[in-house]
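The values are calculated or read from the model by the stated rules, or taken from the named source; none is laboratory data. In this text the structure is predicted, and so the values were computed from the model without any measurement. FYI the Cβ positions are ideal-geometry reconstructions off the backbone, even for glycines, and counts take in every protein chain you see.
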Amino acid sequence: MDKKKYYVSLQAQEISQIEYSNNDEFVVYATEEEIEELRSKMDQMEDAALGTFIRSHVPIKPYHEDESNDKYDAGITDAYQMLYDLGDTNTKAHIESIGILSNNHM
């Protein structure tokens with residue numbers, strides 16, 4: 001199956017084949033199946049973010065001992081890994097520069 005160019009914004013949770021002023025955070029080349037998988041990862045991140053928001057109202061639980069935070073961290077790392085794997089040169093360079101995929105990023 002042919003890969004198409006997509007513009008992705010994790011912040012806005014958007015994936016589009018049309019470039020807008022706010023969705024060009026990352027550029028990837030992917031099949032429809034790969035985009036469905038990326039969308040699923042982004043949805044999981046959003047669900048985990050809601051869990052961390054709810055948990056944040058319980059101040060006595062440390063961040064590193066919270067399952068909601070672990071799920072969010074794993075979800076965002078998975079999404080960045082997929083963006084890196086599918087990304088163009090600029091996307092890969094940006095992800096490398098922020099170090100989120102290195103073993104000691106957290």
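Annotations for the structure displayed:
- Filter pass, ALA74 being at pLDDT 95 or above, surrounded by fewer than 16 Cβ atoms within 10 Å (Cβ to Cβ) and among the hydrophobic types (A, V, I, L, M, F, W, C): no
- Verdict on GLU34 being modelled with pLDDT of 95 or more, surrounded by 12 or more Cβ atoms within 10 Å (Cβ to Cβ) and not small (Gly, Ala, Ser): yes
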